[in-house]
Amino acid sequence: MRPPADPRRYGVFRLAFLIKIEQWTENLEEATVGGWLKAEGDPVAVGDSVVEIITDKVTFEWEAEQGGTLRRIAASANSVVPVGYCIGVIADADESLPDVDAMNEAVRAEKLRLGEERALALGPPPRVKHTDGLGKIKRVRAVPAARRIAREAGIDLAEVAKALTEDRRITVEDVRRFIEGNG
């Protein structure tokens, strides 16, 4: 039996693999990039954990379906991105990359269009609000998993936001610290 021929010899090239946020569940609309476990330029083997993905129901490590090099990270840690968004690209070192920015802009535009249509049909979405100490009302920003943990613990995210020293998105660690501190 002969070993498989090198596909490059016959002009067949492997395409770059796009790491996309897929619709793993019916009601998934967005996910948070928890953190990258590989850096740009790192080699990636099939089955390697590459990035942590956080949804409102689960946190998991995304495993590579194709080997190569992590050539592009298109969404930084703690970024909230919609379904269909390309967060990274695995490809050979000499392979040209697709225009990920244009693809992601198209995904965002489509989500925005669909969101506006839904907003007109359903009215404004409910929002968790708190004051910033000066009487201004602002929306509490939190990753989906942090919202879920706070909801399950019966904690108002506005209280967690008040306990933070800087104005930023609330993380799972912030909620857990708040729970531990308030017993």
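Filter segment 76-112 for residues that are within 16 Å of THR32 (Cβ to Cβ) and either of a type in the set (Gly, Ala, Ser) or touching a His at 6+ places or on another chain (Cβ under 7 Å) (or both) and give the result. Matches in segment 76-112: SER76, ALA77, SER79, GLY84, GLY88. Checked against the criterion of being closer than 21 Å to ILE21 by Cα, modelled with pLDDT under 90 and out of contact with any Pro (no Cβ under 9 Å at 6 or more places or on another chain), the candidates ARG147, ARG71, ARG108, ARG151 yield just one match: ARG147. Restricting GLY68, GLY41 to residues that are crowded, with 18+ Cβ neighbours inside 10 Å and outside the structural domain of VAL143 (by TED's automatic domain parsing) narrows the list to GLY68. One residue is enough: does segment 9-32 have a residue meeting the conditions surrounded by fewer than 13 Cβ atoms within 10 Å (Cβ to Cβ), in the same structural domain as ASP101 (by TED's automatic domain parsing), modelled with pLDDT of 90 or more and on the phi > 0 side of the Ramachandran plot? Within segment 9-32 (the criterion being surrounded by fewer than 13 Cβ atoms within 10 Å (Cβ to Cβ), in the same structural domain as ASP101 (by TED's automatic domain parsing), modelled with pLDDT of 90 or more and on the phi > 0 side of the Ramachandran plot), the answer is no, since none of the residues qualifies. Mind checking which residues of segment 85-96 are part of a loop (DSSP other than H, G, I, E, B) and at pLDDT 90 or above? Across segment 85-96, the qualifying residues are TYR85, ASP92. Looking at segment 51-65 only, could you name the residues that are surrounded by 15 or more Cβ atoms within 10 Å (Cβ to Cβ), of a type outside the set (S, T, N, Q) and under 30 Å from GLY115 (Cα atoms)? Within segment 51-65, VAL51, GLU52, ILE53, ILE54, ASP56, TRP62 qualify.
A search for C-beta distances below 7 Å between a residue of segment 66-84 that is outside any loop (DSSP other than H, G, I, E, B) and any residue that is basic (Lys, Arg) and surrounded by fewer than 19 Cβ atoms within 10 Å (Cβ to Cβ), counting only pairs 6+ apart in sequence or on different chains, returns LEU70/LYS38; PRO82/ARG108; PRO82/LYS111.
The values are calculated or read from the model by the stated rules, or taken from the named source; none is laboratory data. Note that this is a predicted model, so its numbers are computed, not measured. No Cβ is skipped: glycine too gets one built from the backbone with ideal geometry, and neighbour counts run over all protein chains shown.
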